Amino acid sequence: MKANDKRKSTIETGLVRRRLIPHEAMVLSIMLLFASGVMPARGQGTNSAMAIEHFIQGGLYDAQNDPLNAIKEYLQAAQYDSTSSNIYSALAVDYYQMAQRNEALIYAQKAIALDSTTTDANLVLAKCLRDMGRDQEARNIFERVIVLDQDNVEAHFALAQLAEKLKDEEAILRELEAITRLVPRSAEFHFRLAETYQKRGMPNKALIEFQKVLEDYPTSLRARIGMAEIYGQQRQWDKAVLQYREILDLKPNNETGFRQRLGQVFMFLNRWDEAITEFRILLDEDNTTPRVWIDLSNALRRDGQLDEAISVLYDGMKALPQSADLHGGLGVLLLEQNKLDQAALAFQEAISIDEGDTGSWINLSLTYRRQERKDEAISVLENSIKAIPSDPDLKLFLGSIYLEDKEFKKAINEFKEALDMDSRYPKSWISLGYAYMEQGEAKKGVETFEKSVKMLPDNVGLRLNLADIYMNSQQYNQAIAQYQKVISLNRKDTRGWINLSLAYLRQRKYSETENILNQALTLLPRNPDLHLYLGVSYMQRENYPEAGVQFQQVIDLNPRDSRGWVNLGLVHLRQEDYGKCIQIFQDGLTSASDDPELWFYLAYAHTLQKDYDQAIDITEQAVEKFTENHRLRFLLGQSYEQSGQFKKAVSTFEIALEIDPDDP
């Protein structure tokens, strides 16, 4: 057979060999004999005629899925004609089907010796070599098959398997792309290709593969889950929400998990009402999971419904009276509201239910510290260490109490004991390093971080802390080296990219800063943090149009991200376009009213226009909402002063100083 002759004794359909019906087998066999020279010319001897007869009969047995009798016929044919590669190819195929690899190998080699372009024999030879563990030789032969028949699915599939075994990522991708082209309705291969694209940081191509699956199988949960995960990673939250809705409509087995994830996405987007709805649905279906009660309470709290948030936790404790998590969650909520006595009781109850609840021990100690009951705070932690002697976090928290009181020796001793418990726990290294630095032993602190990085070279957090120390001491080259290592460890971790850009930004190297952030955006094109810092760089060098574009991107990605509104407003404020910046700050407050900075700059912009009455009105609303924000109080005092309300100005400044006595 020639290289472009794709006639075979079987027809390849996907990865399954379909046996021919008898008539097809007979016709195809005769055609093959003509092509190979087995079919005699008129008047030729009887040997060739007998070879034809046995070969055709073998084809009929193959069509009936009877390889044993087919082999007998092919062997008879070979006795009459030892020059036909097709006879030996047929033997090789059937012997391999019968798991008689040695015979299959022999006949495949004989067929190839007679005709190196026979596809079936090359395919059998490659499979035999693969089965014998001779992977590279097998790979070479499979590639030869592809040269002979570029659409041979079985060869592409085998090459994909070998590429996975040999960890050849380029070959895996190439073969999976070929297979999905040849078998377009095979969902499994589209999934495998999508997973490969994801591993190689090509999420958009992965999305295309999932979409191809959905075109043929619109109810595929696996495809929709894959798309939801990618949209989440890309921060395309609206699309992620849509996929989670579709998933829930399909009634998956893990419906609870997906609904909980949808609720968490709504929480991330500050869409409290929708989060509350999802968590209430979960509770209606099953009220025995403490996490759902806590999630609902958190959503209500974030929505400003504090009383309802507490009520939900009490309801949860009625349903699950022995849940330490619910008692601990109530304690956290009460602690945030500065209801310290009630918080302490809640944490004590959680500990009585579960003595191994590390979080409640720590929170009880924190509550006592807030009440300036230092000895009791220490006693709680000492008791917790007796109850849970192997938890380094308890030692670290005890050390932090000593560190707060400048008892460096005791603090360092606790941090060292935490390291003795687990020398591979990054938080212990971080605590010890900063304790040395706070004690004034900067060199020892740096050495501690450097030692930790040597012990845990792949830990991103340790490298980031070491780099921050270098940067704060203006050792920019050392900081840059660490941030570059962080990026090499995890190219999708924005902290490495952002901090690397800041190392250049601090040196006013704007081109380098912007190149780094633009490079990061090619990997993470919808990341608001990257757009934000790119905008900051443009704004620092007074490229206001480009800065505005980047801050608008932050807003477009998430209108509830107040940083975009604040900085976009500042772009116009710096250009003294007060009308525009006021409009932006007002628009921002409709989407993100929980950021005091938006209130501050809106009022400040009015003061720049000498519109003090409007500034006072805005700031008075803000201080009612953010009672402990001294900057708002100070701005309000200035506005009173500038409008001639001196008594109000003085009393407001006094309150601001009470909130933050260190404010110059």
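The values are calculated or read from the model by the stated rules, or taken from the named source; none is laboratory data. On a predicted model such as this, the values are computed, not experimentally measured, just so you know. All Cβ positions, even for glycine, are placed from backbone atoms using ideal geometry, and neighbour counts span all protein chains on display.
Within region 484-508, residues that are touching a residue at least 40 places away in the same chain (Cβ under 8 Å) and on the phi < 0 side of the Ramachandran plot sit with their Cβ atoms under 7 Å from residues that are crowded, with 19+ Cβ neighbours inside 10 Å and not in a helix (DSSP H, G or I), at 6+ positions apart or across chains, in these pairs: LYS492/LEU524.
A quick yes/no check of all residues on (1) in contact (Cβ under 8 Å) with a residue 40 or more places away in the chain; (2) in contact with a strand residue (DSSP E or B) (Cβ under 6 Å, 6 or more places away or on another chain); (3) farther than 29 Å from THR180 by Cβ:
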{"position": "TYR107", "(1), (2), (3)": "no, no, yes"}
{"position": "THR117", "(1), (2), (3)": "yes, no, no"}
{"position": "GLN136", "(1), (2), (3)": "no, no, no"}
{"position": "ARG139", "(1), (2), (3)": "no, no, no"}
{"position": "VAL145", "(1), (2), (3)": "no, no, no"}
{"position": "LEU148", "(1), (2), (3)": "yes, no, no"}
{"position": "HIS156", "(1), (2), (3)": "no, no, no"}
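Of the helices (runs of 4 or more DSSP H) lying entirely inside region 376-495, the ones with 2 or more residues being closer than 28 Å to PHE347 by Cβ and at pLDDT 95 or above are found at 392-404, 408-421, 426-438. The sole residue among GLU349, GLU372, GLU308 that is of a type outside the set (Ser, Thr, Tyr), not assigned by TED's automatic domain parsing to the domain that holds LYS395 and not in a helix (DSSP H, G or I) is GLU372.
Count of region 91-139 residues, restricted to those that are within 44 Å of the chain's Cα centre (by Cα) and acidic (Asp, Glu), is 4. If you go through region 164-196 and keep only what is part of a helix (DSSP H, G or I), of a type in the set (Gly, Ala, Ser) and either at pLDDT below 80 or more than 24 Å from the chain's Cα centre (by Cα) (or both), you end up with ALA171, ALA178. Residue count for region 233-277 under the criterion of being in a helix (DSSP H, G or I) and under 23 Å from ASP594 (Cβ atoms): the result is 17. If you go through region 352-369 and keep only what is aliphatic (A, V, I, L, M) and either in contact with a helix residue (DSSP H, G or I) (Cβ under 6 Å, 6 or more places away or on another chain) or outside any helix (DSSP H, G or I) (or both), you end up with ILE353, ILE362, LEU364. Condition (residue is surrounded by fewer than 18 Cβ atoms within 10 Å (Cβ to Cβ) and either in contact (Cβ under 8 Å) with a residue 24 or more places away in the chain or not in a helix (DSSP H, G or I) (or both)) applied to region 206-214: is it met by at least one residue? Looking for residues that are surrounded by fewer than 18 Cβ atoms within 10 Å (Cβ to Cβ) and either in contact (Cβ under 8 Å) with a residue 24 or more places away in the chain or not in a helix (DSSP H, G or I) (or both), one finds none in region 206-214, hence no. Of the residues that sit in region 234-248 and are free of Cβ contacts under 8 Å to residues at least 60 places away in the same chain and closer than 17 Å to LYS205 by Cα, which one is surrounded by the most Cβ atoms within 10 Å (Cβ to Cβ)? Checking each candidate, the answer is ALA240.
Close Cβ contacts (under 7 Å, 6 or more residues apart or on different chains) running from residues in region 93-105 that are under 13 Å from LEU129 (Cα atoms) to residues that are outside any loop (DSSP other than H, G, I, E, B) and aliphatic (A, V, I, L, M) comprise TYR96/ALA104; TYR96/VAL124; ALA104/ALA92; ALA104/VAL124; LEU105/LEU125.
Yes/no per residue for (1) modelled with pLDDT of 80 or more; (2) of a type in the set (Asp, Glu); (3) assigned to a helix (DSSP H, G or I); (4) in the same structural domain as LEU148 (by TED's automatic domain parsing):
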position: LYS6; (1), (2), (3), (4): no, no, no, no
position: LEU32; (1), (2), (3), (4): no, no, yes, yes
position: MET50; (1), (2), (3), (4): yes, no, yes, yes
position: ALA70; (1), (2), (3), (4): yes, no, yes, yes
position: GLU73; (1), (2), (3), (4): yes, yes, yes, yes
position: ILE87; (1), (2), (3), (4): yes, no, yes, yes
position: ALA92; (1), (2), (3), (4): yes, no, yes, yes
position: ALA99; (1), (2), (3), (4): yes, no, no, yes
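Scanning region 271-294 for residues that are in contact with a Ser or Thr (Cβ under 9 Å, 6 or more places away or on another chain) and within 22 Å of ARG563 (Cβ to Cβ) returns no hits.
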